[in-house]
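Reading through the structure tokens given below for one structure.
What follows is calculated from the coordinates using simple rules that are stated; it is not laboratory data. Being a predicted model, the structure only gives us computed values, none of them experimental. Reconstructed Cβ throughout: ideal geometry from the backbone, glycine too, with neighbour counts over all protein chains shown.
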Amino acid sequence: MSESTVNRPVGRRTFVLGTAAAAGSAALAGPLAQGASAAGFGWSDDGSNYVVDTGASLVFKVSKTNGDLTSLVYKGTQYQGYGGKNSHIESGLGTSTVSIKQSGTTILISVAYGTLKHYYAARSGENNIYLWTNKADDSVSATRYILRVNAGKFLNDEPDSYTYAPTTIEASDVFKKSDGQTRSKHYAKARVIDYNYVGWTTGSVGLYIVRSNHEKASGGPFYRSLLRHQSADGGGLYEILYYGENQTEAQRFGLQGPYVIAFTDGGAPSSALYPGTLTTSWADSLGISGYVPASGRGKVAGVGITGRNTAYTYTVGLANSAAQYWGSARSSDGWFSIGGVLPGTYTLTVFKGELAVYTGSVSVSAGGTTTLNSIAIPSSNDPGNASAIWRINNWDGTPGGFKNADLMTYAHPSDVRASSWTGNVVIGSGTETSAFPCYLWKDVNSGIIVYFKLTAAQAAAAHTLRIGVTTAYANGRPQVVVNDTWTSAVPSPPTQPSTRSLTVGSYRGNNYTFTYSVPASAWLTDTSAYNTLKIYVASGSGSTSFLSAGTSIDAIDLLT
């Protein structure tokens, strides 16, 4: 996103999706530390629910039977629920063991369902609810927390809303409006690294979920998943704990959180609630299963990264089977610092944009800082450093810059705003990248042609052609034909997610580069004539149209 906060009015109501940069003028979600209990702070039992009064403007209820959030009243107005459904983990846990205790200025509600444990915490004088979820194994399907909000409180017509989109065009979750624009709860626009909170505001009331640090989630910093939805019945805000769609990693288990339900007077949530900023020493002694205090965590710090292309943003990621973390490298020298890391050995990856250009290993200990000497990215690790006769787009691990690329993170390929998916490309035209479609499908635009000329010396030699992809659907992969005389073999499909991707706003799979050794005999010897490169999508899988086998393109080049 080009802006740190997206805030577009629809009538008098707007939605907000924000990052830390938006916090400068943020209205606080409530005091984050109280010396004594606020007036009215406490809890009661109404027979069916535990009722918590935060002593501020928020009173909420949690079912004693199943741990559902059954009521959410802010300044006297009920916000929770629609269609007879409550807010809860997944679609509800069923009969659970639910308990409550007060420790000074904190109230903790604990929910146990088999091996799953879930927690709600309230702090005196705050309009916030802190949540943790500990999924110990896959015996329980707990991939999200959904905050259901009743109709009419916050309305919008944004990409992840389908309030005004009555026609279903794919599965049961992608819709088209009468004007041809598409809507889906999948069209979140933002990657995890792009936002700290998601929600809505009327201008006088804001309701948000501030995300956790996602240390037990999967997919890394560039993963896209559900953030919010709207329908005629009401809306929902999500904290996704694990989502299998276009997923590149196995599910991680353990305690995830805290993530925060936050009410405000209409402004952004306090930056003190953001992942990487939030401190919860007040929770250290609450007995939350799997909880690791700050003292049991470590830090990784790097003095710099050399071999960078300073035109790009670099991100450093840490990942193992138990946890994941990331941080931005400083543009001036590549310095980075990643804190709050659980002890263990991690794969460290440096990303240029979203393209991995360096991997290493780092160990983290509790209470310690692992300081790394300057990391040198080998020149050969960045495909953009290779000398090319011609190149379409830049190697950064994304289809950004190609035709329709920006739109595809928040629209279906059939959207009326999309430019034609067909059309050929001429090297030297100056529009090579903007004219080349970001996605290729077997049923839609397979066989797209790239026209280019070669000098006599270039035509006398064999060359390597490279096509970089970021994900694929139904094993779609490129097969090429040069001048209708030389045809490449059908390459083997690399490992990619098996679910929908290109039609639900995600190009993030596993970056892979296909290489083709084109013999000199394939080139035209007439230097005034255009050579042709036809790129087809090969696969025996997939359905039809935009659900036929397809792939997302990162860059294409012909090396010298």
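In order along region 75-86, phi translates into HN-Hα couplings of 6, x, 10, 7, 10, 7, x, 7, x, x, 9, 9 Hz, rounded to whole numbers, per the Karplus curve 6.51 cos²θ - 1.76 cosθ + 1.60 with θ = phi - 60° and x for Gly and Pro.
What does the charge add up to near Asn134, with Lys and Arg as +1, Asp and Glu as -1, over the other residues with Cβ less than 12 Å from its Cβ?
The answer is +3.
Counted residue by residue at 0.36 nm each, then reduced by the alpha carbon distance between them, the extension gain from Thr485 to Asp333 reaches 49.9 nm.
In the chain, excluding the sites themselves, the longest stretch lacking any of the trypsin sites (Lys or Arg not before Pro) that are in a DSSP loop with at most 15 other Cβ atoms within 10 Å is 76-329. The value given for region 122-169 is a Kirkwood hydrodynamic radius of 15.1 Å, derived from the mean inverse Cα-Cα separation. For Rg and Dmax of the Cα atoms in Å, the value computed from the atomic coordinates appears in the list (1) 25.6, 88; (2) 23.3, 75; (3) 22.1, 70 under label (1). Annotation: amide H-H contacts under 5 Å for Leu241 (H modelled 1.01 Å from N, sequence separation of 5 or more, or interchain): Arg144, Tyr145. Amide H to amide H, which residues 5 or more places from Asn531 or on other chains are under 5 Å from it, using H placed in the peptide plane? For Asn531, the qualifying residues are Phe452, Lys453, Leu454.
For Gly447, the residues whose modelled amide H falls within less than 5 Å of its own, excluding neighbours fewer than 5 places apart on the same chain, are Ile535, Tyr536, Val537.
Across region 372-509, C-alpha contacts under 8 Å between residues 6 or more apart give a mean separation that, scaled by the residue count, equals a relative contact order of 25 percent.
Calculated FRET efficiency, Ser99 to Ser379, Cβ-Cβ distance, R0 = 60 Å: about 0.55 to the nearest 0.05. Provide the FRET efficiency to the nearest 0.05 for the Ala232-Val416 pair, computing r from the beta carbons and using R0 = 22 Å. Computed FRET efficiency for Ala232 and Val416 comes out at 0.45. In the chain, helices alone account for a calculated mean residue ellipticity at 222 nm of 0 deg cm²/dmol, with every DSSP H run of four or more residues adding -39,500 (n - 2.57). Note on Asp45 and Ser285: the extension gain reaches 84.0 nm, defined as 0.36 nm multiplied by sequence separation minus the Cα-Cα distance.
Shown in residue order for region 254-269 are the 3J(HN,Hα) couplings computed by the Karplus curve 6.51 cos²θ - 1.76 cosθ + 1.60 at θ = phi - 60°: x, 7, 10, x, x, 10, 10, 8, 10, 9, 9, 7, x, x, 6, x Hz (x for Gly and Pro). When peptides 364-371, 546-553, 394-401 are ranked by their average number of other Cβ atoms within 10 Å per residue, the highest-first order is 546-553, 394-401, 364-371. Would you calculate the separation in nanometres between label points at Thr115 and Ser387, each defined as 7 Å from the Cα along the Cα-to-beta-carbon direction? Roughly 5.7 nm, to one decimal.
Count the net charge of all other residues whose Cβ sits under 13 Å from the Cβ of Lys64, scoring Lys and Arg as +1 and Asp and Glu as -1. Within the 13 Å Cβ shell, the charges total -2.
Note on the chain: antiparallel DSSP beta bridges, both residues inside, total approximately 95 percent of the bridges counted.
On a per residue basis, the convex hull of the C-alpha atoms belonging to region 383-559 measures out at 103 Å³. Each Lys or Arg adds one and each Asp or Glu takes one away; over the other residues whose Cβ falls under 11 Å from the Cβ of Gln324, this sums to 0.
Classification of region 294-379 by its C-alpha gyration tensor yields a prolate form. The axis ratio a/c (a ≥ b ≥ c) is 1.5 or more, and a/b outweighs b/c.
Extending 7 Å from Cα along the Cβ direction at Tyr530 and again at Thr544 yields two label points whose distance is 3.2 nm. Pairs of C-alpha atoms in region 69-165 farther apart than 18 Å represent 56 percent of all such pairs. Across region 450-467, computed HN-Hα scalar couplings (Karplus, 6.51 cos²θ - 1.76 cosθ + 1.60, θ = phi - 60°) run 10, 9, 7, 10, 10, 6, 4, 5, 5, 6, 8, 10, 6, 9, 9, 9, 10, 10 Hz from first to last residue, x flagging Gly and Pro.
Structural descriptor for region 5-282: relative contact order 22 percent, calculated from alpha carbon pairs under 8 angstrom and at least 6 residues apart.
Which pairs break 21 Å Cα to Cα here: Lys117/Lys189; Lys117/Lys216; Lys153/Lys185? Going by Cα-Cα distance, Lys117/Lys189 fall outside the 21 Å limit. An oblate overall shape is assigned to region 155-254, the ratio a/c of its alpha-carbon gyration tensor axes (a ≥ b ≥ c) being 1.5 or greater and a/b not exceeding b/c. Extending 7 Å from the Cα toward the beta-carbon at both Ser363 and Asp137 defines two label points whose distance is 3.0 nm.
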